[in-house]
1. Short version: ³J(HN,Hα) in whole Hz for each residue of region 311-328, in order, from phi by Karplus 6.51 cos²θ - 1.76 cosθ + 1.60 (θ = phi - 60°), x for Gly and Pro, what are they?
2. Lysines within cross-link reach of residue 404: Cα-Cα under 28 Å, excluding same-chain residues under 8 positions apart?
3. So what J values fall out for region 447-456 if you push phi through Karplus, 6.51 cos²θ - 1.76 cosθ + 1.60 with θ = phi - 60°, rounded to Hz, Gly and Pro as x?
4. Return 165, 213 ranked ascending by Cβ neighbour count within 10 Å, so the fewest neighbours appear first.
5. Between rounded, prolate and oblate, where does region 79-120 land on the alpha carbon gyration tensor, with a ≥ b ≥ c its root eigenvalues, rounded for a/c under 1.5, else prolate if a/b exceeds b/c?
6. What is the set of long-range amide H partners of residue 144 at a cut-off below 5 Å, with H atoms built 1.01 Å from backbone N?
7. For the chain, what does -39500 (n - 2.57) per DSSP helix run (n ≥ 4), summed and divided by total residues, give at 222 nm, in deg cm²/dmol to the nearest 500?
8. Name the long-range amide H neighbours of residue 35: under 5 Å, sequence gap of 5 or more, or other chain; modelled H, no Pro or chain starts.
Amino acid sequence: MSADECFLGTGRGETSYRDAMDRAVETVIETVADRERPHSGASPEELAAQFDDPVVPEEGQRLEMTIDEVAERVLRHSVDPSNPRCAAHLQCPPMIPGLAAETLLTATNQSLDSFDQAPAATVLEERVVTALCDLFDLPADADGVFTSGGTQSNFQALLLARDRYCDQQFDRNVQTDGLPAAAPSLRILCSEAAHFTGKQAAHHLGLGERAVYTVPTDADGRMDLDELDAALDDLNRRDELPFALVGTAGTTDFGSIDPLPALADRAADRDLWFHVDAAYGGALAVSDEFSDHLAGIERADSIAVDFHKLFYQPISCGALLLRDGADFRLMARNAAYLNPEAHDEGGIPNLVSKSVQTTRRFDALKPYVAFRTLGRTGLAELVEHTLELADDAAALVREADDFKLLGEPTLNAVVFRYRPRPGPGMSDEAVSDLNAAVRRELLDDGRALVARTTVDGVTSLKVTLLNPTATLEDVAAMLDAVRDCGDRVADAREVTA
């Protein structure tokens, strides 16, 4: 491919771009979208064997040839999240409006670290953030910023929580002066079912994972309030310093939502920063039927929400919302070549001071296009369908003799175990070994993708029904695939339950 064909604005580049986009779209449809199975079942060794030729050859080749190679070597062996039997993880099928937006934002390559690199994009992100704050009933002073997803949002929320606490309690500016001497006593509270990124954030913040105090959950997988009160009293007796309380709105395994109003009360009583990780369940806010599950989220100091889960946008796309936008001052900085102080004084938007990233994609365009295209009610229909499907799927599992349902779904994750034909009892270790083997067999089989998790120390299986095009017949087909693989494993081992 010649230089004048590689870039827009070079004459022949525009034609090359149209041809390349047409070829890419056709390749996706032919190689992935029309595939019956969500995964080819190829092993790591088989995949590695396809890439023996140089990644950087001495001479290039036609783009069409490279796209064909990618189709055969990569796309044909990629997981297809749009397949209704792809239900292992919180990996959503991206909606077509999001794919269109991804094309637009990628081609224009806006960088949100300064207004002069992304003028309209900067203003639009601010508008989308305002709409999100309204969606979660945050006050007029709320603000936010787009992130790469829940990991970054949770990290940044706890960064601000730590720095505000150190400023208020020790008159210490962590940004300039580092952590205070009391830093080893700082503590974060979350449930034992909270996402691992809470501990990851504590590590990255220089507090260490032991700074995270995990509170036991109740029978529904929600933070147990009596245990929380006991934990707060225990920290007080030990002269340790809790500064943040993290509530989860949608745990990874069961989709459980912590009792947010009660957590908000505890946070207010103890002057703790209240963060809600709603990366999974935040989309309930668009639904009249299910939004009450998020009651209390409007009292959060910060909220993490992902759009590459139940909002059906391409990866990556998330946001961090703050109840008081002024808290962004704790991490603000100015650089003469990006956002000089004169810009702040002149009212020029300054998004880089609200982010831990410098160069940053225009990901806000994706939910904007989706919101404008589907409207709130259209998005709500998608979300509601998956929650209703999960209830029906749970009933299907419950009625089957060879599966054991491990809990009623709160969102759209259904957790269960395979158990073979009736017989003598099995130890927990044997059950774990069997279900782990079934999951491996199913991955090689390729007919369906389900997740593996652990419940009460025993390996279990999970389907996460994010796909709004999936039906109960698709769920039944997944269960049949699990059953077939399980029977093969059980027969080979002469296992009975």
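1. Values per residue, Gly and Pro as x: 9, 6, 9, x, 5, 10, 6, x, 8, 10, 10, 10, 4, 10, x, 5, 5, 4 Hz.
2. Within the straight-line cut-off, residue 404 pairs with 309, 462.
3. For region 447-456, the Karplus curve yields 6, 7, 10, 10, 9, 10, 8, 10, 10, 6 Hz.
4. Result, fewest neighbours first: 213, 165.
5. prolate
6. Sorted by chain and number, the residues that satisfy this are 322.
7. My calculation for the chain gives -13000 deg cm²/dmol from helical runs alone.
8. none
No value in this document is a laboratory result; all are computed from the given coordinates. Everything quoted here is computed from the prediction, not taken from an experiment. So basically every Cβ, Gly included, is an ideal-geometry build from the backbone, and we count neighbours across all protein chains shown.
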